[in-house]
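Some notes on the structure that comes next.
The values are calculated or read from the model by the stated rules, or taken from the named source; none is laboratory data. A quick note: this is a predicted structure, and the numbers were derived from the prediction, not measured. Every residue, glycine among them, receives a Cβ derived from its backbone with ideal geometry; neighbour counts consider all protein chains shown. In case anyone asks, the SASA skips ligands and DNA or RNA and just uses the protein heavy atoms, side chains included. Shrake-Rupley method; radii C 1.70, N 1.55, O 1.52, S 1.80 Å.
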Amino acid sequence: GTNSKFDIVAAGLREYEIEIFNRDGMLVFHSDDVSNSWDGTFNGKYCPQGAYVYIIRYSFRNQKGETLVRKGNVVIVY
């Protein structure tokens with residue numbers, strides 16, 4: 001379907017990590033590979049509709065060890 005995966009697009013990364021949590025604070029997705037997209041599932045089952053919180057930690061090769069953090073929401077709608 002349309003936007004069936006939550007993709008992160010970035011180049012020149014030294015480090016990368018993403019965590020996605022449901023509204024109860026349970027971790028439903030984790031990856032340290034930027035090419036690994038979240039497909040809206042947890043343990044092989046589709047997650048319920050609603051908002052999920054993501055936290056992305058990353059740094060670029062040309063930076064001197066500074067880790068950047070981005071937080072936001074992604075919403076699942078069926």
Sorting Ser31, Ser37 on solvent-accessible surface, 1.4 Å probe, most exposed first, gives Ser37, Ser31
Charge tally for neighbours of Tyr52 with beta carbon under 15 Å away, counting Lys, Arg as +1 and Asp, Glu as -1, is +1
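May I ask you to give the solvent-accessible area per residue for the chain, in square angstrom, as obtained with a 1.4 angstrom probe?
Details: 5590 Å² over 78 residues.
Counting only protein heavy atoms, the per-residue value for the chain is 72 Å².
Which GluC sites (Glu not before Pro) in the chain sit in a loop by DSSP (not H, G, I, E or B) and have at most 14 other Cβ atoms within 10 Å of their own Cβ? Before the final figure, lay out each step's value.
On the way: sites: Glu15, Glu17, Glu19, Glu66; in loops: Glu66.
Sites meeting the loop and neighbour criteria: Glu66.
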Checking the chain for trypsin sites (Lys or Arg not before Pro) in a loop per DSSP with at most 12 other beta-carbon atoms within 10 Å yields Lys5, Arg23, Arg61, Lys64
Carbon/sulfur accessible area of the chain, % of total, 1.4 Å probe, equals 48 percent
Cross-link reach from Lys5 to lysines, straight Cα distance under 25 Å and at least 8 residues apart if same chain, gives Lys45, Lys71
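Sum up the charges of everything whose Cβ sits under 11 Å from the Cβ of Ser31, counting Lys and Arg as +1 and Asp and Glu as -1, but leave Ser31 out.
Numbers: positive: none; negative: Glu17, Glu19, Asp32, Asp33.
For residues surrounding Ser31, the net value is -4.
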